C-alpha cells in the first residue's frame, strides 16, 4: 500500500460492533479469560493487551501507522516528544557511554546532553552542521550514538542523512534521527541508514495544536529495549491522544502538501523583500544545502527562517505588528505561527552559542499554516513595513 492508504487503512481489529472508525479504548487495564490466559499473556507467549502503560489498541494503531510510513520494524508511543528523546537515550546508554550530536538540536535535548546525562557519566561532543567533516574526529572508543535533527530548529539547516548513515555504519554506531520537522511523509531516515527515528507528534503529525505526543520507531531489538525501559518508567502515550493522532495521520499527506506549497510561496516572497537580509527554506535554490534537501526530502517542509534587518528591536516590532499570524511556542499547526528565537526561546544563549546554531538577532522562524497563502503573505508584509 502507498503512504496515504497506509495512513487510512492501518486499523485496530474491529470489535463485535463492526465500527468503521476505530473507537476510543479508554481503559487502564484489560481482563483475561482464565488463569492460564493471564499467565501466558504476562509471559509474552501470546500477544495481548495487559495494561495501557504497556500497550492499548489506540496506541498500537498509531504506532503501526508510523512504523509502516517510516519503513521501520517496530515502535513505541510516548506522552511527549521529549519523553521519546529521553527514553530512547536512557534505554540504550550506560554510564560511561558517549554521544556525538549535531549542535543544532532542540533546546530541551541540549539540556539533557549538558545538564542531566553528565550526572550519569554520559558525555556529548557536538559538531556544527556546516562542519560534518569533524564528526569522525569526535568519535571515541566509548561512543555509542550519532544523533541529529534535520531540518534543524530554528535555522532550517539540512544534514546529509546518507553521509551520517555511512559514518555510523563505519564506526558501528547507532544513528538516531529526529524527523519532527519533515514527518514520515517528507523524509524517511531509515532508508539512509538510521537505526531509530524519533518524532514529536505534537507538531505536524497532530497538525492542529490539540494534543501532545511522541514516538520512536526503528529496529525491533532497539525498540524492545526502549519498550522495557518505558514499561517500567511510565512515559506512555494516553489512549485518547493516540486516537487523535492516528486520525490525524489519515490527513497528513494532504495537509503537509499544502503546508509546503504555502511555505515555498512565502519563502519566495521574502527573498525579494527589501527589509529581509536572507531567507532559509530547504527547497529554495539559495539554501546552502539545497541539493541535499532535494536528495532526501519529498518537499521542503513548513518552516521558513529569515533574517529581518534591524536586529532584536526589529524582530520584536515585527511580532507586535502581526495581525493574523500567531505568537506561540508550538509549530506545525493549521495556523501560521511566528517566533523570534533571539529574544524568546534562545534568549539565554550567549552570542557564540547562538552563532553556532545559526541564530542571529534578527532571525524569525515561521511555521507556515494552512490559511489562504495571500493572507499569510499580506500579514507578514504589513508587519515588515511598519
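Where a number appears in this text, it was derived from the coordinates with a stated rule and is not lab data. Treat the numbers as computed from the prediction; the structure is a model and nothing was measured. Don't worry about glycine lacking a Cβ; one is built from the backbone with ideal geometry, like all the others, and counts go over all protein chains shown.
With a/c under 1.5 counting as rounded, go ahead and sort region 311-354 into rounded, prolate or oblate using the C-alpha gyration tensor (a ≥ b ≥ c being the square roots of the eigenvalues; past the cut-off, prolate if a/b is larger than b/c, else oblate).
It is oblate, given that a/c is not under 1.5 and a/b is not larger than b/c.
Comparing 116, 147, 290, which has the greatest mean-square fluctuation in the GNM of the chain with Cα pairs linked when under 10 Å apart?
116
Pairs of alpha-carbon atoms within less than 8 angstrom and 6+ residues apart define the contacts here; what relative contact order does region 198-313 have, in percent?
Relative contact order, region 198-313: 21 percent.
Determine the distance separating the Cα centre of region 297-326 from the Cα centre of region 92-115; give it in Å without decimals.
For region 297-326 versus region 92-115, the Cα centre distance is 28 Å.
Starting with the highest mean, order 42-54, 308-320, 15-27 by the number of other Cβ atoms within 10 Å, averaged over the residues of each peptide.
Sorting 42-54, 308-320, 15-27 by mean packing, highest first, produces 308-320, 42-54, 15-27.
With an 8 Å Cα cut-off and a minimum separation of 6 or more residues, compute the relative contact order for region 252-385 in percent.
Numbers: 221 pairs, mean separation 38.4, N = 134.
RCO, region 252-385: 29 percent.
Could the peptides 325-335, 357-367 be put in order, highest first, of the mean number of other beta-carbon atoms found within 10 Å of their residues?
So the order, starting with the most tightly packed, is 357-367, 325-335.
Among the DSSP beta bridges whose two residues both lie in region 3-249, what percent are antiparallel, rounded to the nearest 5?
Within region 3-249, antiparallel bridges account for around 40 percent of the total.
Which value at 222 nm does the chain reach when only helices count, each DSSP H run of 4 or more adding -39,500 (n - 2.57), with the total divided by all residues and rounded to the nearest 500 deg cm²/dmol?
So the helix-based figure for the chain works out to -11000 deg cm²/dmol.
Can you give the convex hull volume per residue for the Cα atoms of region 168-285, as a whole number of Å³?
Working: hull volume 18.6 nm³, N = 118.
Once divided by residue count, the hull of region 168-285 is 158 Å³.
Roughly how far apart, in whole Å, are the Cα centres of region 229-271 and region 116-167?
Each part reduced to its Cα centre gives a spacing of 25 Å.
Full extension from residue 348 to residue 224: what is 0.36 nm times the residue separation minus their Cα-Cα distance, to one decimal in nm?
Contour length minus the Cα-Cα distance gives 40.9 nm.
What angle, in degrees between 0 and 90 and rounded to the nearest 10, separates the Cα long axis of helix 220-233 from the longest principal axis of the Cα atoms of the chain?
80 degrees
Take every Cα pair under 8 Å in the chain that's 6+ residues apart, average their separations, divide by the length, and report that relative contact order as a whole percent. Intermediate results must be reported in sequence, preceding the final value.
On the way: 756 pairs, mean separation 67.3, N = 386.
In percent, rounded to a whole number, it is 17.
Rounded, prolate or oblate: pick one for region 95-234, where a ≥ b ≥ c are the square roots of the eigenvalues of its C-alpha gyration tensor, a/c under 1.5 means rounded, and failing that, prolate if a/b is larger than b/c, else oblate. Intermediate values should be presented prior to the final figure.
Details: a/c = 1.41, a/b = 1.17, b/c = 1.20.
Note, shape of region 95-234 comes out rounded.
Going by alpha carbons, how many degrees (0 to 90, nearest 10) lie between the helix axis of 252-271 and the longest principal axis of the chain?
Long axis of 252-271 versus the principal axis of the chain: about 10 degrees.
Where the eigenvalues come from the Cα gyration tensor of region 252-385, what are the semi-axes √(5λ) of the equivalent ellipsoid, largest first, in whole Å?
For region 252-385, the semi-axes come out at 22, 18, 14 Å.
Only Cα pairs within less than 10 Å get springs; with that Gaussian network setup on the chain, which residue of 163, 270, 299 has the largest fluctuation?
With Cα springs under 10 Å in the chain, the top fluctuation among 163, 270, 299 is at 163.
Would you mind checking the tilt of helix 81-92 against the longest principal axis of the Cα atoms of the chain, expressed as 0 to 90 degrees and rounded to 10?
That helix lies at roughly 60 degrees to the long axis.
Going by average Cβ neighbours within 10 Å, how do the peptides 255-264, 166-175 rank, with the highest at the top? Before the final figure, lay out each step's value.
Values: 255-264: 21.0, 166-175: 16.5.
Most protected by this proxy first, the peptides run 255-264, 166-175.
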